[in-house]
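Heads up: the structure comes next, in structure tokens.
The values are calculated or read from the model by the stated rules, or taken from the named source; none is laboratory data. This structure is a prediction, so every number in the text was calculated from the model and none was measured. Cβ: placed from backbone, ideal geometry, glycine included. Neighbour counts: every protein chain shown. Each accessible area value is taken on the protein alone, full model and side chains, heavy atoms only, with ligands, DNA and RNA left out. Shrake-Rupley method; radii C 1.70, N 1.55, O 1.52, S 1.80 Å.
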Amino acid sequence: TVVLTFEQIEALLGFAPPAPAFADAEWWTSAGEANNRHTAAWTAAHRSAAPQLGARIVLFERLS
């Protein structure tokens, strides 16, 4: 499991995620929907994302 703050994610990306990433947990978890390249990125790395919006963190866990 890797836990990243929103600030760490922004530093890794070099830009801020879009506004829905900060307010809508489904932005992180809707892998099956079309045009969700962001979700496809961690899914391709065999990870799931579990945001905790109030704490401003995201847990990335290895898929089995």
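Go through segment 43-59 and give me each residue that's under 13 Å from Leu4 (Cα atoms) and not small (Gly, Ala, Ser). Result: Pro51, Gln52, Leu53, Arg56, Ile57, Val58, Leu59. Regarding Ala16, is this residue open to solvent by 70 Å² or more (accessible area, probe 1.4 Å) and modelled with pLDDT of 90 or more? Taking the combined requirement at face value, the residue does not satisfy it. Just one of (1) loosely packed, with under 12 Cβ neighbours inside 10 Å; (2) in contact (Cβ under 8 Å) with a residue 24 or more places away in the chain fails for Ala55. It is (2).
Are any of the residues in segment 38-50 part of a loop (DSSP other than H, G, I, E, B), at pLDDT 95 or above and open to solvent by 80 Å² or more (accessible area, probe 1.4 Å)? The answer is no; no qualifying residue exists.
Within segment 10-30, the set of residues being within 10 Å of the chain's Cα centre (by Cα) and among the aliphatic types (A, V, I, L, M) comprises Ala21, Ala25.
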